[in-house]
Each structure stands twice: as C-alpha cells, then as structure tokens.
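Presented below is the structure to which this report refers.
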Amino acid sequence: MIIRKADREAAPLYRQVADSVGAMIDQGSFRTGDRIPSIRSLSRQLKVSINTVKVAYSLLEDQCRIEARPQAGYYVRPRLPALPQEPDLADHAVTPLEITSTGLVTRIMLDSLEPDKVPFGAAIPAAELIPALKLNRLLATVNRQRLQESVNYATGAGSLRLRSQIARRMITAGCTLNPDELIITTGASEAVFLALRSTCRPGDTIAVGTPIYFSFLQMFQELGLRVLEIPSSPSSGLHLDTLGQALERQTVQACLVISNVNNPLGICLSDQKKQKLVQLLEEHDVPLIEDDINGDLSFSDQRPSVAKAWDRNNRVLLCSSFSKTLAPGYRVGWVAPGRYQERLLRLKLTTNIASPSPTQLAVAEFLNSGGYEHHLRSIRRAYRTKVLQMSAAVGHCFPPGTRISRPEGGFTLWVELPARVDTIDLYRRAIKLGISFAPGAVFSTSQNHSNCLRLNAAFWSDEHHWAISRLGELAAA
Ligand SMILES: Cc1ncc(COP(=O)(O)O)c(C=O)c1O
C-alpha cells in the first residue's frame with residue numbers, strides 16, 4: 001500500500017489512508033472477516049503518524065467497512081447487499097393512473113410523530129441536530145429589532161432579506177437567481193402545491209420518478225391529477241429514456257422531480273442527467289417542478305447543482321425549504337417559479353396572503369450570521385454516520401435477500417425485503433410494538449414497492465438497535 005506524493009498534497013492524509021485501505025477491501029486484498037494491519041504497523045509501513053492511522057480507521061469504522069474487536073485488532077466487516085442497479089422495467093406499465101388513497105399515509109404520518117414511537121417513520125431531522133437554541137435566540141433578537149416588520153404581513157413574495165440570502169446561497173448550486181424571482185412559502189409542501197396548481201388543472205397528467213415521496217401523491221389526488229410513474233434506478237435516478245418515450249406517446253402537463261438526495265432513494269441526478277432532463281422537457285413544452293429540499297444535505301464535498309441551473313427558458317419551478325436543515329416547525333420554504341411567477345404569486349396571495357414573518361426574519365438572520373455552512377458541515381457528518389450505522393444494523397438483522405440503498409445524502413434508507421414480505425402487514429405488527437416506519441406501498445400508486453420500506457436514520461443511536469432487530473424478526477417470521 002502506497003500513498004503517492006501527488007495524493008499527499010490533495011486530500012487530508014488520514015482520508016488518503018482510509019481510501020487506500022478501503023480500495024484494498026474493494027479489490028479483495030482484504031476479505032470479509034480478514035484482520036487488517038494494526039495501527040502501529042500501518043503507520044510504520046506508510047510513514048505516517050499513529051494518530052493519522054487512528055483517525056483513518058475511525059473513519060472506516062464510521063463507514064461500517066471495518067470493526068474493532070477488543071484486544072484483537074481491526075477486521076473487515078461484511079458487505080451490505082445494495083439495491084439492484086436497475087429496476088425491472090417490465091414491472092412498470094407506464095400509463096397514467098388515478099390515485100386512490102386509503103388514508104394509510106395520514107395514519108403513518110400521525111403514528112410516526114407520536115413521541116412514544118421509535119421514530120423510523122416520518123423523514124424529520126433529529127431533534128439534537130436542530131440548532132434550536134441559536135435559532136430561537138435569533139428569532140427573539142431580530143424580531144425585537146424589526147418590530148413592525150415582524151408583526152406585519154411579509155407581503156407579496158415574502159421577506160426581501162430572506163430572499164436575498166437564498167439567492168446568494170443558490171449560486172453554489174449553479175443557479176443565478178434574483179431575489180425578485182423568489183416567493184417565500186410555508187414549507188416546501190406549499191411551494192410544490194402552488195407549483196402544481198400553477199401548471200396543472202384537474203384531469204391533467206403529471207410525470208414523476210417512482211418511488212416518490214408519498215405526500216406528493218396525496219397532493220396529486222387532492223388536485224385531481226393523474227400520475228405517470230417513471231421508474232428510477234437506485235444508482236442514477238429517473239429513467240430519461242422511459243420518460244422520453246412516454247412524452248412521445250401522451251400529453252403530460254408537468255413533471256415533478258426531487259433532483260438531489262431524493263426521497264426515498266437518497267440519490268442525486270448527475271449534472272448531465274439534469275441538463276438532459278431540462279432539454280427533454282423543453283422539447284415537449286413541459287414545465288419541470290424541481291424539489292431540492294435535500295440539496296444542502298448531500299454527502300459530497302461539493303454542493304450538487306440544481307436542474308434549474310440549465311433552465312434557459314424559465315420553465316423550471318425550483319422548490320425548497322429549511323425544514324431538513326434548520327427547523328421543520330418554522331415552516332420556511334420558497335419557490336423560484338420562473339415564467340409562472342405571476343400566477344403562483346396570485347395563488348399564494350389567495351391561499352394565505354403571506355407566510356409568517358417572524359420565522360422568515362430568523363432564518364434570514366441565521367443565513368446571514370448564524371454559521372449556516374458550519375452547521376451544514378456538522379449535520380452532514382452526523383447524518384452520514386447515522387445512515388451507515390443504521391444500514392449496518394439492517395444488514396445484520398434483516399432476513400437474507402434484503403437489499404439496502406446507498407444514500408448520497410440526507411437521512412433516509414430505502415430497504416427492499418424478499419418479495420414475500422408485505423410491508424403494510426409488517427407495519428401493522430411493528431406499530432403495536434411501538435416501532436414506526438414508512439411502508440413502500442405508499443410511495444407509489446402501483447403495487448411495485450409492497451416489499452420495501454423507508455427508514456428514517458436521523459434519530460439513530462445504539463439504543464434503537466433492538467427496534468431494527470425486532471423488525472428483522474417480524475420480517476423473517
Ligand atoms: C422531498 C420532500 N419534499 C418536501 C417535503 C416537505 O417539506 P416541508 O416540511 O418544508 O413542507 C418533504 C418532507 O419530508 C420531503 O421529503
């Protein structure tokens with residue numbers, strides 16, 4: 001094992017050591033159960049400090065690649081089975097479907113918010129990773145300083161201070177936005193709902209990647225929309241060829257895509273795919289509703305771009321919020337509606353005039369002076385570790401044949417159990433034991449994901465190991 005001089009100048013040394021050991025595991029030089037070199041011997045071999053190897057091994061432990069055995073050294077952990085690269089396209093009849101909700105989604109959402117339940121259900125951030133004290137202090141200070149602004153309607157598009165901060169931040173996602181192009185909403189939910197109402201009418205068809213965040217399916221139902229589910233690959237996302245073929249055959253009024261760290265699969269569309277998606281929809285004159293709520297939670301070093309970065313004709317309605325990164329209860333979201341600006345603003349005004357002013361001011365101040373970037377770095381690290389640890393527990397406790405997603409950010413895991421397992425039935429049994437999760441069936445209008453489930457890893461700690469173990473037993477029974 002060597003570390004080249006050029007590499008030494010690139011990434012921190014401990015990461016290079018971790019990557020080298022990781023590569024040797026990937027290439028099979030160290031196999032599952034093998035003992036890897038001791039800290040001391042690797043430090044001698046690579047001519048790096050003992051501390052560097054210690055940090056590298058602790059990174060590999062966090063990534064669940066190796067485990068420390070007391071008095072015995074470090075060993076390679078079993079590899080977790082990943083989801084298959086491609087979904088079985090034959091299973092997906094790409095035809096528009098009516099949505100028939102069973103009320104199950106509402107039940108699941110309410111169940112998973114109950115404080116006595118193990119919170120693997122709703123995709124909400126961990127309480128300890130919300131900067132509650134800092135945010136609430138800023139809320140008090142800024143609202144005292146801006147007395148009139150805090151109690152008046154944040155008329156029209158919402159607080160200009162907040163819109164300016166958001167516009168500034170979106171440059172890192174490759175998107176140059178003017179504050180005037182933004183409208184503040186009550187969470188990303190309202191942003192998407194208004195975007196749907198701005199682009200579609202009852203009876204219209206909307207194309208979405210499947211599986212898809214279940215609340216969107218509920219919105220489609222409320223708006224009388226038919227849904228055209230386009231399969232998504234667990235590694236690269238939406239199947240553009242299938243979407244292209246569908247657009248040739250039928251009329252679609254809008255397409256909704258969660259472009260980064262999608263819910264539930266956790267993957268980001270590549271830049272190339274985002275660009276192609278925008279072009280394809282452009283050719284068919286179809287607006288794109290882009291949900292980027294998780295973009296700031298990507299585990300990659302660079303913040304992923306948004307599809308809107310390639311929007312030359314203002315046909316992308318970009319939606320997001322601070323619910324995953326700051327505080328879901330503040331209900332601060334936004335939309336950059338492109339050419340639908342006027343209609344969306346009118347709808348916003350008729351729906352609720354404006355979103356609450358105090359939390360807009362507090363979030364604007366947090367972005368301005370609260371160390372948002374530092375906060376993001378620390379929660380991304382924490383979520384990455386939690387996701388890996390929960391994956392390892394699932395890999396250990398769930399029945400043979402289980403497959404697990406490899407999220408590129410955020411805090412949800414998508415798990416595919418053997419085909420015989422019905423996760424709605426599993427849900428009914430698990431909730432009696434006080435364990436919540438989201439069954440796969442609610443992420444689709446078809447029956448394609450009935451053996452899958454989504455787990456929220458945000459609250460993961462070793463204390464929850466029993467719950468994964470019980471779920472595994474129930475699934476195996
Ligand atoms: C992809 C996605 N979009 C939107 C939302 C809703 O966000 P908000 O709480 O900001 O309305 C969620 C919440 O889980 C989500 O996962």
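Each reported figure results from applying straightforward, stated rules to the coordinates on display, with no laboratory input. Fair warning: this is a prediction, and the values are worked out from it, not measured in the lab. Here the Cβ positions follow ideal geometry from the backbone for every residue, glycine too, while neighbour counts run over all protein chains shown.
Search the structure for amide H atoms under 5 Å from the amide H of residue 226, placed 1.01 Å from N in the peptide plane, and list their residues when 5 or more places away or on another chain.
It is 203, 204, 205, 206, by chain and number.
For segment 131-372, what ratio Rg/Rh do Cα atoms give with a Kirkwood hydrodynamic radius?
That ratio equals 0.97.
Whole Å is fine, so just give me how far the alpha carbon centre of segment 242-311 lies from that of segment 24-41.
Using only Cα atoms, the two centres lie 39 Å from each other.
Calculate I(q)/I(0) for segment 5-76 by the Debye formula, one identical point scatterer on each C-alpha and no solvent, and give its log10 at q = 0.13, 0.18, 0.28 Å⁻¹ to two decimals.
Computed log10 I(q)/I(0) values: -0.33, -0.65, -1.47.
What do you get for the angle between helix 372-397 and the principal long axis of the chain? Use alpha-carbon atoms, 0 to 90 degrees, nearest ten.
Roughly 60 degrees between the two axes.
Mind pulling the angle between the C-alpha long axis of helix 13-26 and the longest principal axis of the chain? Nearest 10 degrees, somewhere in 0 to 90.
80
Neighbour counts of other C-beta atoms within 10 Å: give me 334, 310 arranged from fewest to most.
Sorted ascending by nearby Cβ count, the order is 310, 334.
Exactly which trypsin sites (Lys or Arg not before Pro) in segment 412-447 are in a DSSP loop and have at most 11 other Cβ atoms within 10 Å?
Those that pass, being in a loop and sparsely packed, are 420.
At 4 °C and 1.567 mPa s, grab the translational diffusion coefficient of the chain from Stokes-Einstein with a Kirkwood Rh over Cα pairs, rounded to a whole number in µm² per second.
For the chosen part, D equals 55 µm²/s.
Please order 198, 164, 58, 321 by the number of other Cβ within 10 Å, starting at the fewest.
So the ranking, lowest neighbour count to highest, is 58, 164, 198, 321.
For segment 107-113, in order, what is each residue's ³J(HN,Hα) by Karplus, 6.51 cos²θ - 1.76 cosθ + 1.60 with θ = phi - 60°, in whole Hz (x at glycine and Pro)?
So the Karplus estimates, Gly and Pro as x, are 4, 5, 5, 5, 4, 6, 8 Hz.
Quick one: 3J(HN,Hα) in Hz for segment 149-157, Karplus 6.51/-1.76/1.60 with θ = phi - 60°, rounded, Gly and Pro as x.
4, 6, 9, 8, 4, 7, 4, x, 7
What is the helix-to-structure angle for 187-199, meaning the angle in degrees between its Cα long axis and the longest Cα principal axis of the chain, kept from 0 to 90 and rounded to the nearest 10?
50
What 222 nm value per residue comes from the helices of the chain, counting each DSSP H run with n ≥ 4 as -39,500 (n - 2.57) and dividing by all residues, nearest 500 deg cm²/dmol?
So the helix-based figure for the chain works out to -13000 deg cm²/dmol.
If one computes P(r) from the Cα atoms of segment 393-477, what percent of pairs lie at distances over 15 Å?
Everything past 15 Å amounts to 55 percent.
Count the lysine pairs in the chain whose Cα atoms lie under 30 Å apart, taking only pairs 8 or more positions apart in sequence or on different chains.
Taking the chain as the scope, the lysine pair count is 25.
About the Cα centre of segment 230-297, what is the dipole size in debye to 20, counting +1 per Lys and Arg Cβ and -1 per Asp and Glu Cβ, all else neutral?
Around 220 debye, computed over segment 230-297.
Using +1 on the beta carbon of Lys and Arg, -1 on that of Asp and Glu, and nothing else charged, what's the dipole of segment 309-421 about the Cα centre, debye to 20?
240
Name the residue farthest towards the positive end of the dipole of the chain from the options 322, 48, 433, assuming +1 on Cβ of Lys and Arg, -1 on Cβ of Asp and Glu, about the Cα centre.
The listed residue farthest towards the positive side: 48.
Calculate the dipole size of the chain relative to its Cα centre from +1 charges on Lys and Arg beta carbons and -1 charges on Asp and Glu beta carbons; express the result in debye to the nearest 20.
About 1440 debye.
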